[in-house]
Amino acid sequence: MAKQHTPLVSVVMAVRNGMPYLTESIESILAQTMRDFEFIVINDGSTDETERYLQGLADSRLRVFSQPNAGVGASANRGIALARARYIARMDSDDVALPTRLERQVQFLRENPELVLVGTQIAFLSRNHILKAPGVPTKHDAIVQRFLSGRSGMPNSSIMCDARLAKATPYRMAGSGEDMDFCLRLAEKGRCANLTDVLQLYRIHLESLSLSTIDEIQRGQLFAIQSARARRAGQPEPSFDDFCDQWARRGHVLRIRGCVQAWGFCQYRKSILDRGTGKRLRGLVRL
């Protein structure tokens, strides 16, 4: 029996009700200039046409698994556990990877063996328009400090990491905000960096603008920050369940502050959507 080929990269995607954006996202990975990868897609309890579409794909690099809805973190963990490659690349089901993304990241990791995690710059994808996005830092210390300040230091959908360390550092939250915690813990095991070039398109659409989702993101990110600060101080981390209880009981001032931040976040994203449809003045007013 011939020995099974071990790919260099395992691309891991979790998807729930990914249509209509899933097709473009899948195709962007299958069209990568670097061909030595497997593509693990976890269908997380989709109720739309996602499963039918995935089952209709005929590409030997695809490995599709369907399960009851368990959340993004748990689905990503399953994909990471199934990965056979040296490197793991994350991919969101509505984003688009530019053709050289995997090739450039593998090359960078090989040239910088001290790195365990590398991301890229992104541009926004609104409707069919590509718009400039704020840059993220390229150096380890600046990336970590940006995370600790409550902002994204690495676009999660663009990261590639050491598979061995990713398997030992699983996602700890099923819901939103799990990416910051994952990146901060992985960054404590080695150096991280972001490439200087835009290699990923981050899609902005109305379905991603739910206030309840933004509240969940805020909760997850604050948990990640407090946990990282506790580790740095040599103190025990808070348990996620206890943290969620405290979050639910937080006072009116903190609730109002969170609502204002969520409203501002929504207006910022809606301004991008406006620009993507040519409504630049309305987008400027939202900002």
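The values are calculated or read from the model by the stated rules, or taken from the named source; none is laboratory data. Since the structure is predicted, the reported quantities are computational estimates derived from the model, not experimental observations. So basically every Cβ, Gly included, is an ideal-geometry build from the backbone, and we count neighbours across all protein chains shown. SASA here: full protein model, heavy atoms, side chains in, ligands and nucleic acids out. Shrake-Rupley method; radii C 1.70, N 1.55, O 1.52, S 1.80 Å.
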It is to be established whether one or more residues within region 51-60 are within 20 Å of T6 (Cβ to Cβ) and among the acidic types (D, E). yes
Checking the structure you have, find out if any residue of region 77-99 is under 23 Å from P238 (Cα atoms) and in contact (Cβ under 8 Å) with a residue 60 or more places away in the chain. yes
Can you tell me which of K132, K189, K139 is touching a helix residue (DSSP H, G or I) at 6+ places or on another chain (Cβ under 8 Å) and open to solvent by 20 Å² or more (accessible area, probe 1.4 Å)? K189
Considering (1) closer than 21 Å to I26 by Cβ; (2) at pLDDT below 95, say which one I122 fails and leave the rest. (2)
For the structure I just gave you, tell me whether G177 is open to solvent by less than 20 Å² (accessible area, probe 1.4 Å) and on the phi > 0 side of the Ramachandran plot. yes
State whether one or more residues within region 76-86 are among the polar types (S, T, N, Q), farther than 18 Å from L186 by Cβ and open to solvent by 20 Å² or more (accessible area, probe 1.4 Å). no
Can you tell me which residues in region 97-115 are surrounded by fewer than 22 Cβ atoms within 10 Å (Cβ to Cβ) and among the aliphatic types (A, V, I, L, M)? L98, V106, L109, L115
Conditions (1) under 17 Å from the mean Cα position of the chain (by Cα); (2) β-branched (V, I, T); (3) closer than 18 Å to Y21 by Cβ -> T50 fails only (1)
Please note which helices (runs of 4 or more DSSP H) are completely contained in region 164-253 and include at least 2 residues that are acidic (D, E), modelled with pLDDT of 90 or more and under 19 Å from the mean Cα position of the chain (by Cα). 178-187
Filter region 45-82 down to the residues that are of a type in the set (D, E, K, R), over 27 Å from F182 (Cα atoms) and in a loop (DSSP other than H, G, I, E, B) and list them by number. D48, E49, D59
Residue list for region 100-134, restricted to those being assigned to a strand (DSSP E or B) and free of Cβ contacts under 8 Å to residues at least 12 places away in the same chain: K132
Per the filter on region 28-60, residues surrounded by fewer than 21 Cβ atoms within 10 Å (Cβ to Cβ), of a type in the set (V, I, T) and over 20 Å from A70 (Cα atoms) are T33
Among R16, R63, which is within 24 Å of R104 (Cβ to Cβ) and open to solvent by 30 Å² or more (accessible area, probe 1.4 Å)? R63
Say we look at region 144-154 and pick out the residues that are in a loop (DSSP other than H, G, I, E, B) and within 15 Å of the chain's Cα centre (by Cα); which of these is nearest to R101 (Cα to Cα)? M154
Quick one: is S157 open to solvent by less than 20 Å² (accessible area, probe 1.4 Å), assigned to a helix (DSSP H, G or I), in contact with a Pro (Cβ under 9 Å, 6 or more places away or on another chain) and of a type in the set (G, A, S)? no
Here is a list: E38, E51, E27. Which entry is at pLDDT 95 or above and either in contact with a Phe, Trp or Tyr (Cβ under 7 Å, 6 or more places away or on another chain) or farther than 21 Å from S158 by Cα (or both)? E51
